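A short worksheet on the structure shown next.
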Amino acid sequence: MKIPLSWLRNYVEIDSNVTDLAHSLTMVGLEVGSIEHIGDKWDSDSLVVAQVIQLEPHPNADRLRLPTLDLGKGEKAKVVCGAPNLEIGQKIVFAKEGANLFNPRSGKHEILKGANIRGIESKGMVCSALELGIGEDNGGILVLDDSSVTGTPIKELLSDSILDTELTPNRPDCLSVIGTAYEIAALLGTNITIPESSYQSGDTKIDDRIKVSIQDPFNCPRYTGSLIEKVTVAPSPLWLQDILVKSGQRPINNIVDITNYVMLEYGQPLHAFDFNKLEGDEIIVRQATECESLETLDSKLRTLTPPMLVIADTSKSIALAGIMGGMNTEIDEETTDIFLEAANFDAANTRATRSALGLNTEASYRFERGIRHELAPVALKRATYLITQLCGGKPAEGIIDTFNAPHHIKTIEITETRFEKILGVSVAMKDIWNIIKRLGFEKIEEDLPQTINVTPPFWRSDISIQDDIIEEYARIYGYDNLPTSNLASPIPNQGSENPQTVREHIRDRLVSAGMNETISYSITDLETINLFDSIPSDQQAISIANPMDASKKYLRPTLLPNVLETLSRNRRIDQQNGLRLFEIGRVFLPLKTDEFDSMPVEKEEIVGAITGFSTSTNLWSESDRLMDFFDAKGIVEHIFRGLSGVLSFTKNDGTMYETGKRADIFLNEVLIGQIGELKSDLSEFYNLVISPVVIFHLSLEAIQTVAQVQFVNYSEPSRYPYSFKDLALISNKEVDSESIVSTIMENKLVADSFPIDKYVGVEVPDGKQSLTVRIIFQSNEKTLSAKEIDRAHTQIIKSLEHRYKISERYS
Amino acid sequence: MDQKAYIDIRTQIERKALSSLSQIGTLDDLESWRIDTLGRNGTVTGLLRGISDLPVGIRKEAGSQANSLKDVLTKKYEDHKADIENSDSIQTRNESDFLDVTLPGRNIALGSLHPTTAVVREICQVFESMGFQTIEGPEVELDIYNFQKLNIPEEHPARDMWNSLWIDRELADGSRPLLLRTHTSPMQIRTMESQPPPVRVVVPGKTYRYEATDATHEWQFCQIEGLAVDKDITFANLKGTLEEFARRIFGDKRKARFRCDFFPFVEPGAEVSIDCFKCGGNGCRVCSNTGWIEIMGAGMVHPKVLAGVGYDPEIYSGFAWGMGAERIAMLKYGIDDIRHFYSNDMKFLKQFS
């Protein structure tokens, strides 16, 4: 809320500078987002109040005139002026040579210089609001209030600071100047001056002219009104217009301006009806009927439905309660009698109505935050008083006050023990009281025992329990002034098994394998869902009711497309380098259609993708090669080192992968995912055709059923030397290397064995392959003799021959 | 020729040979020297031949002298030859096999953690060292947990603080029960409902808001929630714990500042800022000239929230906080646009390896 400092000063004495004040307000919870300084460039000597004492025509120009100005202290000046609204007797702002002013033609602040205008020397000028930087108006000069004293520096008269407070939803009381003034008074330890609101009423009795009935007391707990007859509707006085403009409001006419002024002053929205446009002698507060329509003051025809609340006369609705008035009872220049409303409307209903209609107003903003109903008559009387002062007219005797809510003043017990329990420091009741009384709290007890009962100030709707008052004390005392200590209570018992351990192990392994982690958005589109066939045809992906992008309204059922999109985006930027990336994230399985408030199942997936050259392009020393299936497999094997469970790969074709280039991955015989080369039509779809894309797609849940982060299982290394033999074997192509190696490993003298070369070609018969396997012979008990190794060799060949019809290539 | 004359000749030959040898720098010159000196018609060979012309009495001694000269010069010759060859080989190697130490080393593919992951880990580790346990929760939440049990009833204006993305599913009364969680705070409720006090947890996770994206706002981001509840937990503990956090993450000279703020599920509520590590509090672009940088919201758990999960608020109290992981990462690494985080540009990500 924009609050001019000059307005605040009407209610509270402020002796600190505006920056310090803004800081203090921010610290107690009223964040000051910005401060606008008006007139901070003004110089006291060169900008002063002057009076027009003579006005002559310019000899050489019809539109220019030559005013003679009284600058006070016997000083006079004669200048050239083009403003059409200049008149003798006006108090205006005179700028002497050297004044710093905004030049509308250049759009910059400039130093005023004397000028010869059509043959007449002009040393200085009469200023418009725009030139002073206090308004948009440049159509004429700014006319000051008649009471302004000539010679007074403008800085004293018009400079101001506007605080823009950003308020949390619990403080509707500070959506007002007085509410803010109470905070300042509490901070500075000063008092509040309550503005005048008593007025002389006329002979008419309000009850004779109108009555109010509330049909929905829940949504309208209180309705107050006053009647003022024979007012004159006109523009507001300059001071009122000025204050409204500085507060971000547009002046309309004196009646409407006063309702806005009092709303800003007290935080209570008001509305003025043209009394003579009302039909019948009754105001009715009721819910709208089905499809009832009302043209609101913004000239829009609104279709209303229950339980929206309207204000109506005996034949029609005349306002949308707590939100906006109706055109049919608008104040205009012909208006003479007005009915003024200050009521209290339910917060939730106001909010529901304004969001259904998309109509957010200053009034609805305040009501939906919850306003105390005690505020209505206070604001009503203040506005009635101002109308009698500024618009003439006679108020009827008495006010309407229809009040259905129980008269219940809530008392709250506060104790020193609770303050200590929450704040961690003992506070004496007198110190508590000294602070909260400045905020407007009242106490029941005379003296100050360790426990007292207090009532919150009537304008505060956010205080309902003792802890709220603890905050009141703490924030004014200053959070930073309260003590600080470390947690001293015992650390709660924690389960030994941390579910994130396995995942974080995998994440670290992926990074150590040279993979870059990515994180993408959790949403996807229908095309992608269909492309990946990721939802069973009888089910639907979870969709967002109010998506930000209508095409991407589904929660992803698989992580794979996200990683491919990321890969694609990076390939577009960089066609050279190899890409290795992965993501670990949640996917969302379809909701069961019969359980309407069940939660969807969320599962974590791990997807890795590699493509392109295996080394970076700046490599000068080696030739490069494209990454393939075995690079990806190597990464998967790397992941599972350090986790318990035995990894295995079984060839198995599936959608999304090239035929013959895909495998299922098992951990201890539990299927945990797939690995393979991306199908070419998907590579094309994602513009990834320049090199094969190999992906692995793992289910963290499946992994976690088997794997744990392994404790090291130490075994004594052999103290005896090893020797090795390389065996070139001819086998049928169907025999896989794993079968051969595991057969070799069965021999007791074999410590390790692995393939070192594979050959298919002219030197081996059709349908056969040559696999060279290295065998490491080693014993834990002794140095093996050549004889023992030869014997083992022969046994191995025999078993291979027997089991797979494998022979040695060079025997 | 007597013995003396013979020795003079020998000495002459020796001097001449050694002085000329010292001038020789190439193998070709060395070869001519060898021929001149030790060759078949060389001076030393001539000296040896001349022994037979000497009187018998001195022949033995002269022979020994001549042979020793031959040995010395042969040794000199070999050494000199080795020297020349050696220097030749250094020169040759420098020409053909020179090590350009400024060439780049062989590349080792280096992976990287996403900066969000990195900062989440760092933050959770700080709290884990203070006895908090890291847990996680669902990203699709029930309205009850995301709002109602956190003291945010329907149609409460505080709901505007968390613009929600609702799941397209309606109950009979037209209300929507499910949404993408707008904060990690529902895990306060889920944790307390599932166990008796004491509680000390830290909860990282993705959160979502219906919010236009700009340099400082993302609709999807990661939040880190914290909660400590026990019999004697106070606002002083809140301050102590979060000040310690600020020092460990942003450096031990950092000061934390606490100001009053509002979140419906805490009372008293606070916003925590640190003094600007860039300008030291004088005001700069990073802190928008305030000298302070906001890092999280916090507060004492609201008695209604405690009562709602069956903890007696007269006995138990606690504090909670929530912070944006990306915001902390942006401050730590000096990233000025949050949109980098989920654009997944390798040029961005690889900087965190």
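Here's how it looks for A:ARG809: its modeled amide H is under 5 Å from those of A:ALA728, A:LEU729, A:ILE730, which are all 5 or more places away or on a different chain. Here the protein assembly as shown carries DSSP beta bridges of which approximately 95% are antiparallel, counting only pairs with both residues inside.
The mean number of Cβ atoms from other chains found within 10 Å of a Cβ in peptide A:342-349 is 1, as a whole number. When Rg and Dmax are taken over the Cα atoms of segment A:1-157, they come to 18.1, 63 Å. For GluC sites (Glu not before Pro), the sites in segment A:732-811 that DSSP calls loop and that have at most 12 other Cβ atoms within 10 Å are A:GLU734, A:GLU746, A:GLU763, A:GLU781. Since only A:LEU567, A:GLY634, A:GLY119 are under comparison, the one whose Cα sits farthest along the positive direction of the charge dipole of chain A, derived from C-beta charges on Lys, Arg, Asp and Glu, is A:GLY634.
For the peptides A:663-674, A:710-721, the ranking by packing is A:663-674, A:710-721, with the highest mean count of neighbouring Cβ atoms within 10 Å listed first. Taking Cβ atoms as reference points and 9 Å as the exclusive limit, the residues near B:MET300 contribute a net charge of -3, counting Lys and Arg as +1 and Asp and Glu as -1. Quick one: grab the alpha carbon gyration tensor of segment A:92-149, order the square roots of its eigenvalues as a ≥ b ≥ c, and give me rounded if a/c is under 1.5, else prolate or oblate depending on whether a/b is larger than b/c. The shape class here is oblate. In chain A, the DSSP-assigned H stretches of four residues or longer account for a calculated mean residue ellipticity at 222 nm of -7500 deg cm²/dmol, using -39500 (n - 2.57) per stretch and the full residue count as denominator.
For segment A:277-334, the extents of the C-alpha atoms along the principal axes are 34, 26, 17 Å, listed from largest to smallest. The tail of the calculated P(r) for segment A:249-397, taken as Cα-Cα distances beyond 19 Å, holds 50 percent of the pairs. The HN-Hα couplings worked out from phi for segment A:365-378 by the Karplus form 6.51 cos²θ - 1.76 cosθ + 1.60 (θ = phi - 60°) are 4, 6, 4, 5, 8, x, 10, 5, 6, 5, 6, 4, x, 5 Hz, whole numbers, x standing for Gly and Pro. For chain A, the Cβ-based charge dipole about the Cα centre amounts to some 2120 debye (Lys, Arg positive; Asp, Glu negative; other atoms uncharged). For chain A, the longest principal axis of the Cα atoms and the long axis of helix A:786-804 meet at an angle of about 70 degrees. In sequence order, segment B:162-169 has phi-based couplings of 10, 5, 9, 9, 8, 6, 6, 7 Hz under the Karplus curve 6.51 cos²θ - 1.76 cosθ + 1.60, θ = phi - 60°, and Gly or Pro positions carry x.
Sorting the Cα pairs of segment A:677-792 by distance into bins of 10 Å, from 0 upward, gives 11, 23, 24, 26, 12, 3, 0 percent per bin.
Neighbouring Cβ atoms from other chains, within 10 Å of the Cβ of residues in A:417-428, number 3 on average.
Within 10 Å of the Cβ of each residue in B:139-146, the mean number of Cβ atoms contributed by other protein chains is 3.
In a DSSP loop and with at most 13 other Cβ atoms within 10 Å, the chymotrypsin sites (Phe, Trp or Tyr not before Pro) in segment A:148-246 are A:PHE218.
If you wrap a convex hull around the alpha carbons of segment A:576-714, what volume per residue comes out, as a whole number of Å³?
Here the figure is 164 Å³ per residue.
In summary, segment A:243-297 shows an alpha-carbon radius of gyration equal to 1.45 times the 2.2 N^0.38 Å reference for compact globular proteins. Taking a straight Cα-Cα cut-off under 25 Å and skipping sequence neighbours fewer than 8 places away in the same chain, the lysines within cross-link reach of A:LYS211 are A:LYS230, A:LYS277, A:LYS316, A:LYS381, A:LYS394.
Backbone geometry of segment A:568-580 corresponds, through the Karplus equation with coefficients 6.51, -1.76 and 1.60 at θ = phi - 60°, to 3J(HN,Hα) couplings of 4, 4, 6, 5, 5, 6, 9, 8, 8, 7, x, 10, 9 Hz, x marking Gly and Pro. Kirkwood's formula applied to the C-alpha pairs of the protein assembly as shown gives a hydrodynamic radius of 38.5 angstrom. Excluding same-chain neighbours fewer than eight residues apart, the lysines reachable from A:LYS725 by a Cα-Cα span under 29 Å are A:LYS633, A:LYS733, A:LYS748, A:LYS758, A:LYS768, A:LYS782, A:LYS787, A:LYS798, A:LYS805.
By the rule of a second cysteine Cβ within less than 4.7 angstrom, chain B holds isolated cysteines at B:CYS124, B:CYS222, B:CYS260.
In terms of the Cα gyration tensor, with a ≥ b ≥ c the square roots of its eigenvalues, is segment B:101-183 rounded because a/c is under 1.5, prolate because a/b exceeds b/c, or oblate?
Taking the square roots of the gyration eigenvalues as a ≥ b ≥ c, segment B:101-183 is prolate.
Here's the picture: charge each Lys and Arg Cβ at +1 and each Asp and Glu Cβ at -1 in chain B, and of B:ALA62, B:PRO186, B:SER273 the one pushed furthest to the positive end of that dipole is B:ALA62. Each Lys and Arg adds +1 at its Cβ and each Asp and Glu adds -1 at its Cβ; summed about the Cα centre, segment A:696-802 shows a dipole of about 380 debye.
If you sort the three axes of the alpha carbon gyration tensor as a ≥ b ≥ c, you get a/c of 1.5 or more for segment A:445-569 and a/b above b/c, which makes it prolate. Between helix B:3-23 and chain B there is an angle of about 30 degrees, using the helix long axis and the longest principal axis of the Cα atoms.
Along the charge dipole of the protein assembly as shown, Cβ charges K/R +1 and D/E -1, which of A:GLN778, B:THR117, A:GLY654 sits furthest on the positive end? Comparing the listed Cα positions along the dipole, A:GLN778 ranks first. Between the helical axis of A:466-477 and the dominant principal axis of chain A, each derived from Cα atoms, what acute angle in degrees is found, rounded to the nearest 10? That helix lies at roughly 80 degrees to the long axis. When +1 charges are put on Lys and Arg Cβ atoms and -1 charges on Asp and Glu Cβ atoms, the dipole computed for segment B:13-131 relative to its Cα centre reaches about 620 debye.
Entry for segment B:276-347 at q = 0.13, 0.16, 0.18, 0.22 Å⁻¹: log10 I(q)/I(0) = -0.61, -0.73, -0.78, -0.93, Debye formula applied to identical alpha-carbon scatterers, no solvent contribution. Within straight-line reach of A:LYS96, meaning a Cα separation under 30 Å, sit the following lysines at least 8 residues removed in sequence or on another chain: A:LYS41, A:LYS73, A:LYS76, A:LYS78, A:LYS108, A:LYS113, A:LYS123, A:LYS155, A:LYS246.
Distant-in-sequence amide contacts of B:GLY291, defined by a placed amide H-H separation under 5 Å and a gap of 5 or more residues or a different chain, comprise B:GLY283, B:CYS284.
Computed from the coordinates by the stated procedures, all read-outs in this text should not be read as laboratory data. Worth saying up front: this structure is predicted, and the values here are computed from it rather than measured. All Cβ positions, even for glycine, are placed from backbone atoms using ideal geometry, and neighbour counts span all protein chains on display.
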